[in-house]
Structure formats: C-alpha cells, structure tokens
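K.L.:
Quick one: this structure, given as structure tokens, is what I'll be asking you about.
The values are calculated or read from the model by the stated rules, or taken from the named source; none is laboratory data. Note that this is a predicted model, so its numbers are computed, not measured. Cβ placement follows ideal geometry from the backbone for every residue including glycine, while neighbour counts extend to all protein chains displayed. All accessible areas refer to the heavy atoms of the entire protein, side chains included, with ligands and DNA or RNA removed. Shrake-Rupley method; radii C 1.70, N 1.55, O 1.52, S 1.80 Å.
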Amino acid sequence: MIAPRTYRFRLVFYIGVLLLFLVTALVLTYHSSNALVLKEAENNAARLAQQIEGHLKIEARDLAERAKMMRDNTGFTGYLYIAITLGTDPGAMRELYQRQFGWLQINRSVILSRSGRALIGAEHADLRAALIQRGLVKGAEEHQFYHEGQRGLEIVATSPISYRSQSLGVIAVTRTIDAAWMKVARQMSGGQLFLVKDGRIVLNTTAEGGAGQDFKPSSDRVVVDGESYLVRRVTIGGDAQLPQLWFALSQQELTAHLHMQRTRMLMLVLAGCLGGLIIGFMMLRNFNAPLSRLVKLTEEVGAGRLPEIPRGPSHDEIGYLTNRFSEMVTRLREQQDEVKRAQTQLEHEATTDSLTGFYNRRYLYNIFPKLWSEAMRNNKNQTLIIVDIDHFKKVNDRYGHQVGDRVLLHFARVLRDNCRVSDFLFRLGGEEFLVLTSGDNEGGMHVAEKIRVALERDAYSDDERSVPLTASFGVAQANTSDGVDGLSRMLQRADQALYAAKNGGRNRVVVWYPKREIA
Amino acid sequence: MSNVRLYWLSRFAGACFVILSAIAGAAEKAPAPTVTGAGEHFTWVLLDEIRPQLERDQRLKLSLLGKDSMLGHGCNVGIKKARENRAGNETFGFICCPLAKEEVEANGLTVHPIALEPLLIIVNKSNPVQDIPIEKVRAIFRGEIRNWKEVGGEDRPIVVVLRPHCPQRPGHWKTIVPTLEQFRKDRIEVKAEVEVVQGVSDFAEGIGNIGSTWKFEPSQHVKAVTVSGVAPTAENLRSKRYPFYQEQSIVTHGELSAPLANMIREVQTGQDFRAVAKKYELLPLTPTTP
C-alpha cells in the first residue's frame with residue numbers, strides 16, 4: 001500500500017493519469033474514425049469520379065490531336081487524294097499509314113471517303129455505320145463522341161480531311177474503354193470501376209469478376225458479390241443507350257485501411273504505455289527508492305539507532321544528500337561511543353574501589369537486588385561474608401599509610417585467590433571487605449575458613465619487613481522471608497557474626513544461624 | 001684549317017640542321033584549312049565520293065552538307081552557303097540547276113559547271129512497262145495519258161509523283177514538262193527526292209523522275225525505264241538522244257582561296273571525278289586536264 005502524498009504515490013498517480021489519457025484518446029479515436037472515414041470517402045468518391053471524367057476528356061482531346069496529325073500530314077493526304085480520285089489500289093496508302101501512324105496509341109481507326117467508302121479500317125463496319133449515321137463523312141468540323149460498337153464502349157474523335165482544299169472524307173480514331181483502360185483508371189484513382197449496361201455489369205476492375213451481375217445503386221451505395229461499395233456515376237455523354245461508367249470505393253477496403261491505421265495507433269499507444277511504465281519504473285528506482293531508504297535511515301536515527309550507511313556515488317542530489325547524511329550519522333556514532341566510554345568509566349569508578357579494584361558499597365546495593373531475585377527464582381541462597389583485618393590500625397600507625405595500602409593490596413590478592421570466579425568481592429571501607437557468594441552458611445563458612453587459613457599462612461612481606469596478618473569473618477545467609485530487605489538484614493546478621501568473631505579473639509569465622517543465632 | 005675550327009664548324013652546322021628541321025616539322029603539323037560546301041543532294045553524292053582524294057591532294061578538310069534534301073538542303077542552301085565565303089571561312093555551294101543570269105549577277109556568284117546528270121524516269125517494279133516513248137512520257141506528266149494500258153501496261157490509273165523543286169530556274173524537271181502549270185493537277189507532290197522514290201515504290205501505278213546519282217535502297221521497289229528506247233547514259237546525253245537531264249554546278253562568291261580554287265578545278269577536270277562521273281553516267285562539262 002502506497003501512502004498518499006508521498007512522491008511514490010504522486011509518481012504512480014501521474015503515470016496512471018498519462019496512461020488513462022492515452023487509452024481514452026485511443027478509444028475515442030477508435031469510435032469516431034469509422035464515421036469520419038466514410039464521410040470523407042463520400043467526398044473523395046465525388047472528386048475522383050470528376051477526375052475520371054477529366055481523364056476521359058483528356059483522352060478525347062488526345063485522340064482529336066492524333067486525328068489532326070493524320071489530317072495535317074500532306075504526304076498521307078496526297079496518297080488519300082490519289083486513292084480516292086484515281087481509284088488506285090489502297091495498299092500504298094495503307095503502307096504509308098502504317099509507316100507514319102502505326103505507332104500511335106489508338107485502338108481503331110477508320111478513314112472514309114465522302115461517299116462512305118472505307119479506305120482504312122474497312123473491317124470496322126460498326127464504326128463506319130456510326131460515322132455515316134451521324135453524317136460525319138461530309139462534315140467540315142471535328143467531333144468527339146462515345147460509341148458502343150463491336151469492341152464495347154469507345155471514345156471516338158473525328159476530323160475532316162482535305163487535300164488542296166478538296167474535301168476527301170473523314171478520319172476517325174478510337175480509344176476503347178476496355179479492361180486495360182479501366183485498370184489504368186483504377187490505378188490512377190485508387191477505386192474500382194464498373195461499366196454497366198441495362199443494370200448489369202459489363203466490365204469491372206474488381207478481382208472477383210462480377211460481369212453479368214446486377215448493379216442497381218441505391219443512395220449512392222451498391223452491393224456486388226456481397227461487398228458494399230460507395231458509388232458515383234462518371235458522366236460520359238448524354239446518350240441513355242450507352243453503358244454507364246461508375247466509380248466505386250469499397251467500404252471493406254476503406255475500413256481495412258482504417259483497421260490497419262487503428263492497429264498501428266494501438267501499437268503506438270501500447271508502446272507509449274510501455275514507455276510510460278518504463279519511465280515510471282526508472283523514476284521510482286532512481287528517485288523514490290533512494291528517498292525511501294533515506295527516510296528509513298532518518299527513522300532509525302530518530303529511534304536512537306545509528307546504522308552503518310554505505311557511501312555510494314554522489315552524481316545526483318539524492319546521492320549527495322545520502323552521503324552527507326552518512327557522514328553525519330558516522331560522526332554521531334563516534335560521539336555516542338565516546339559518551340558510552342566515558343559513562344562506563346564513570347560507572348566503573350563509581351562502583352569500584354580505586355585501590356583494590358573491588359566493588360564498593362554502592363555497587364553492592366545496586367547488584368544485590370538482581371542477584372537476590374535471580375537466586376530466589378532458582379531457589380538458591382545467597383551468603384554474605386564480612387571480613388575485617390585484625391589490628392590493621394596498628395599497621396598504619398607503625399609502618400605508615402603507604403605500607404598500609406600495600407598490605408591492603410596483599411590482603412585483596414589473597415582474598416581473590418581464595419574465592420570462586422562467581423563470587424562478588426567488595427571493599428566496604430578501610431580494612432573491611434565483603435564476599436557475596438551463592439550457597440548457604442556452610443558454603444560461606446567454608447570459603448571464609450579457606451581465606452582465613454590462607455591469610456594466616458601468607459603474611460605480607462617486603463624488603464624491609466614482614467607483617468603477619470589475620471582477619472575475622474562474619475558469615476550470614478539470606479532467608480527467603482527477608483524479601484526486599486534481604487541485604488540490610490544479611491549485613492546486620494553478618495555484622496553480628498563479625499562482632500562475635502572479634503569478641504571471640506579474632507582470627508576466626510563466626511556464622512549467624514537463625515535459631516541459635518551465632519555458632 | 002685547324003681541328004678546333006673544324007670541330008666548331010661541324011657543331012654550328014648540326015645546330016642549324018636541328019633548328020631548320022624543327023621549323024619544317026612545325027609547318028607540316030599546321031592544321032589543314034576547312035572548306036565547307038552545302039547544296040542539293042546529287043552533287044553532294046559526287047563530292048562525297050571523291051572527298052578523300054580532294055582532302056589528300058589539296059591539303060584541306062572538306063565539310064559537306066547536303067546528304068538529303070529532306071533535311072532542308074537544296075539549291076537555295078547552296079547559293080546561301082557560297083555567299084558566306086570569307087578569308088579563313090572558305091565556303092562554296094552546289095546546285096542542280098543552271099542559274100539565270102539575273103540571279104548570278106544579283107548574288108555576285110561565279111558558276112563552275114561540273115556535269116550533266118540524266119533524269120531517270122522511274123516506275124514501280126511491278127509495272128510491266130520497260131520503255132515509254134518521249135512524247136508519251138511528257139503526256140503522262142501532263143495528264144493527257146492517265147492509264148498504263150495506253151503505254152502498253154496494265155489497266156491501272158497512272159499516279160504521278162513530283163517534287164517541283166527550283167520552279168524559277170531552268171533545266172531539271174522542266175526538260176520533261178516546261179512549267180508546273182502544265183503538269184497534271186491530280187498528282188502526288190512531295191518535298192524531298194526520297195519521297196519521290198518512296199511514292200513510286202508505294203504505288204504500283206506510280207511514275208516519277210530522279211537524278212541518276214540516286215542510290216536506290218533494296219526496299220524501294222522502283223526501276224528506271226528507257227525513253228523511246230534510249231537509256232539514261234552519259235553517252236546518250238552527249239549525243240542528245242536522251243532528253244531529260246539536269247546540270248550540276250559549283251557556285252562560289254568573291255575571291256577564292258588557293259585551296260578552294262584548286263579543289264574546284266580538280267573536281268571539274270580531275271581523273272578522280274571522271275571515274276565517279278562514269279559510275280553514275282554523268283557527262284562532265286569541262287575537258288579533262290592532260
């Protein structure tokens with residue numbers, strides 16, 4: 001769960017908004033583009049149909065130019081003149097025609113004399129009949145018209161021919177609206193073309209064929225072979241008997257383009273989303289992760305912990321900040337260690353005797369409750385041994401305090417050597433010492449006796465003197481009924497026992513028992 | 001003479017020899033002057049055939065324009081080119097018609113006659129006619145005879161093909177029919193000699209005329225017929241038995257450079273030209289030099 005108002009939250013939020021925007025834009029575009037494309041296609045269909053009409057006019061004009069080219073060739077018209085006036089074999093004229101005009105891009109050509117005799121193209125009887133029917137063989141002007149003949153629908157351009165101002169007849173050249181022409185027109189326009197006669201398809205450019213099928217448009221739309229087309233009629237003349245030329249845009253082709261565009265757009269949006277996610281991930285990694293780590297570190301420092309912060313490269317602001325923070329924490333840790341060391345030293349000095357190194361009375365009061373409660377939990381006893389060096393004042397008086405201190409050190413060593421490691425040794429003051437040992441009175445008496453004997457045997461000596469030492473021991477065991485006052489009662493009892501040992505002649509061990517009180 | 005003098009004298013003579021040789025070599029390597037001629041097709045054929053000999057013997061470079069009259073060349077171009085003659089830009093023209101005195105004087109021209117060339121009467125190869133009497137030839141071109149059966153051929157209409165060039169000058173086709181108005185009206189009129197040959201080749205009924213220097217292509221289905229049993233040869237021209245001909249000439253303007261004058265003299269009188277004239281049945285108009 002990401003907490004709000006954090007940078008991570010904001011980053012995730014912003015990226016989410018970006019992705020949402022992209023997806024929304026895609027969805028809106030997806031739903032609006034279909035109608036948009038179809039509407040635009042309607043406009044394009046009308047425009048392209050006009051283009052094809054223009055193309056047909058250009059074709060007709062080109063044909064007229066070719067007819068004029070023949071008309072203006074005096075060599076050829078001279079041959080025609082001779083052939084017509086002298087009735088010579090037209091073979092010479094046809095050979096010249098082939099030499100001069102065989103390369104022209106026309107489908108059919110017919111040259112008729114004024115009497116209607118075919119000098120060139122006698123095999124094109126339908127075209128000859130159309131020229132005669134239209135009265136063009138004796139005409140004096142150029143004409144262009146559409147004709148439906150043996151080869152289907154044709155553009156026809158005619159030109160009157162003359163030689164030395166003598167009218168010879170007419171030249172007619174044609175361009176057929178055939179499959180090849182329609183293929184070129186399709187490539188030029190990008191749509192389909194249908195040549196329709198009496199409501200049936202005569203020719204078309206679709207791959208499926210469709211010739212002979214019904215073609216009855218309704219509201220500028222028609223269905224052929226199960227495919228829906230948006231259609232516009234191409235005007236090719238006013239003759240209602242002529243076939244009709246229709247320009248068509250396949251809705252499937254249109255939508256196929258649209259689907260392709262949509263797929264591309266979807267891929268782009270997905271790529272954008274992926275890019276956004278990658279950028280977000282990189283931002284989280286580069287910005288948020290170091291920030292979070294820094295926040296966590298500050299929390300640890302705030303909680304009193306001073307963790308080790310590894311230094312990293314500080315190319316950026318966060319790295320620089322982390323490294324400065326690391327240095328700050330390191331300095332804090334060093335200062336804290338210094339304080340701890342000083343505190344430990346103070347504690348040590350406050351709880352130990354500077355001469356012997358034994359614990360002092362204050363530490364006895366600190367440690368005892370803990371030891372006592374632990375002993376009570378473990379159902380064990382604690383025993384106190386108070387030791388007082390006999391006649392120590394005389395040593396000080398006789399040898400001085402320096403020797404007295406050395407004697408105390410010697411005594412402390414003997415005491416340490418004869419106690420267990422687990423025993424606590426205290427100097428209560430002057431020549432009075434205390435041993436706190438686990439166990440009962442018997443054990444305490446045993447330890448005390450061991451110390452007494454060792455001390456009696458090991459007198460203090462140096463280069464100048466030898467000082468025999470003895471000590472008196474008061475042993476007292478704590479009772480479970482003592483409760484929290486166990487220490488004071490034990491001290492009291494041990495003092496009583498020590499007092500008894502002193503009174504009993506010193507250099508002895510006296511144990512305090514509850515019933516008989518002192519043994 | 002001491003040996004030292006002899007030594008230096010021989011050295012001096014050697015140096016003089018080297019210098020003179022260098023001068024002579026440089027003179028030899030000077031570029032040959034270019035002489036440009038232009039005009040009608042038939043004389044171009046003759047000049048082009050003897051061009052290597054002329055360039056070699058006269059030490060000039062001969063540039064000839066006039067291979068095909070269809071390209072816009074002709075007698076008028078020949079006269080125009082002759083008038084361009086300048087020092088350093090030697091030019092001359094060649095024509096197929098004898099010029100009128102007025103035209104010669106008006107243009108300041110000098111006419112150098114070369115040869116008479118027979119005009120062949122050509123018909124389609126498919127035509128069985130081999131000979132046409134002279135008056136019938138004229139009657140055909142006038143349109144008085146309109147069917148080949150009248151001259152011993154098939155029952156076909158006659159198609160006359162004519163190139164009415166140089167209508168203001170005497171000679172050439174006027175040796176057949178004196179004026180253009182006298183020619184038959186329903187004829188095929190063309191603008192180049194090649195179209196004359198092609199027209200006769202295209203029409204089985206065709207008839208036309210062409211100079212004897214025309215080089216026929218195998219694809220051109222034409223043949224020359226005899227006129228009143230006389231073949232179009234130089235000898236028959238000399239004896240005036242063959243009636244149709246044209247006169248080939250070179251025309252110049254102003255002072256001629258030595259190479260150009262020598263070249264014209266060589267064309268008129270040289271042996272090389274005589275050989276070519278014999279080949280094409282031409283009748284040279286200038287006696288050969290001994």
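Okay, residues lined up against (1) touching a residue at least 40 places away in the same chain (Cβ under 8 Å); (2) assigned by TED's automatic domain parsing to the domain that holds B:Q268; (3) surrounded by fewer than 17 Cβ atoms within 10 Å (Cβ to Cβ); (4) within 20 Å of B:T213 (Cβ to Cβ):
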{"residue": "B:E90", "(1), (2), (3), (4)": "yes, yes, no, no"}
{"residue": "B:C97", "(1), (2), (3), (4)": "yes, yes, no, yes"}
{"residue": "B:A100", "(1), (2), (3), (4)": "yes, yes, yes, no"}
{"residue": "B:N107", "(1), (2), (3), (4)": "yes, yes, yes, no"}
{"residue": "B:N124", "(1), (2), (3), (4)": "yes, no, no, no"}
{"residue": "B:N127", "(1), (2), (3), (4)": "yes, no, no, no"}
{"residue": "B:Q130", "(1), (2), (3), (4)": "yes, no, yes, no"}
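K.L.:
On to the next question. Would you confirm whether any residue within the stretch B:175-185 is within 22 Å of A:L96 (Cβ to Cβ) and open to solvent by 20 Å² or more (accessible area, probe 1.4 Å)?
P.N.:
Yes.
K.L.:
Can you pull out the residues in the stretch A:205-227 that are open to solvent by 30 Å² or more (accessible area, probe 1.4 Å), closer than 18 Å to A:L48 by Cα and part of a strand (DSSP E or B)?
P.N.:
A:R221
K.L.:
Would you please list the contacts, defined by Cβ atoms under 7 Å and residues six or more apart or on different chains, that run from a residue in the stretch A:90-111 that is among the basic types (K, R) to a residue that is open to solvent by less than 40 Å² (accessible area, probe 1.4 Å)?
P.N.:
A:R94/A:I120; A:R108/A:G121; A:R108/A:H124; A:R108/A:L127; A:R108/A:T174
K.L.:
I've got another one for you. For a quick check of your reading of the model, give me the residue pairs whose first member lies in the stretch A:321-332 and is assigned to a helix (DSSP H, G or I), whose second is exposed (fewer than 15 other Cβ atoms within 10 Å of the Cβ), with beta-carbon atoms closer than 6 Å and at least 6 apart or on different chains.
P.N.:
A:N323/A:R311; A:N323/A:S314; A:S326/A:R311
K.L.:
Take the conditions in contact with a strand residue (DSSP E or B) (Cβ under 9 Å, 6 or more places away or on another chain), at pLDDT 95 or above and open to solvent by 10 Å² or more (accessible area, probe 1.4 Å) and apply them to B:A224. Does it pass?
P.N.:
It is true that B:A224 is in contact with a strand residue (DSSP E or B) (Cβ under 9 Å, 6 or more places away or on another chain), at pLDDT 95 or above and open to solvent by 10 Å² or more (accessible area, probe 1.4 Å).
K.L.:
Could you list, ordered by first residue, the pairs with Cβ atoms under 8 Å in which the first is in the stretch A:245-266 and over 22 Å from A:K197 (Cβ atoms) and the second is surrounded by fewer than 18 Cβ atoms within 10 Å (Cβ to Cβ) and charged (D, E, K, R), at least 6 apart or interchain?
P.N.:
Close Cβ pairs (under 8 Å, with a partner that is surrounded by fewer than 18 Cβ atoms within 10 Å (Cβ to Cβ) and charged (D, E, K, R)) amount to A:Q251/A:E227; A:Q252/A:E227.
K.L.:
Shifting gears a bit: When you scan the stretch B:199-223, how many residues do you find that are away from chain A (no Cβ under 14 Å) and either within 10 Å of B:L162 (Cβ to Cβ) or within 18 Å of the chain's Cα centre (by Cα) (or both)?
P.N.:
8
K.L.:
Right, next: Confirm whether B:Q248 is touching a Pro at 6+ places or on another chain (Cβ under 9 Å), modelled with pLDDT under 95 and crowded, with 22+ Cβ neighbours inside 10 Å.
P.N.:
Yes.
K.L.:
Between B:V196, B:V177, B:V160, B:V123, which is more than 14 Å from chain A (Cβ to nearest Cβ) and of a type in the set (V, I, T)?
P.N.:
B:V177
This table checks each residue for (1) surrounded by 15 or more Cβ atoms within 10 Å (Cβ to Cβ); (2) out of contact with any strand residue (DSSP E or B) (no Cβ under 8 Å at 6 or more places or on another chain); (3) farther than 30 Å from A:L277 by Cβ; (4) modelled with pLDDT of 80 or more.
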| residue | (1), (2), (3), (4) |
| --- | --- |
| A:T24 | no, yes, no, yes |
| A:N43 | no, yes, yes, yes |
| A:A49 | yes, no, yes, yes |
| A:L56 | yes, no, yes, yes |
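K.L.:
Go through the stretch B:180-193 and give me each residue that's in contact (Cβ under 8 Å) with a residue 12 or more places away in the chain and away from every other protein chain (no Cβ under 11 Å).
P.N.:
Passing the criteria: B:L180, B:Q182, B:F183, B:E193.
K.L.:
Another one. Any idea how many residues of the stretch B:98-138 are of a type in the set (A, V, I, L, M) and under 21 Å from B:S201 (Cα atoms)?
P.N.:
8
K.L.:
Further question on the same structure: Would you point out the residue of the stretch A:299-324, among those that are of a type in the set (V, I, T) and within 30 Å of the chain's Cα centre (by Cα), that is farthest from A:N288 (Cα to Cα)?
P.N.:
A:I309
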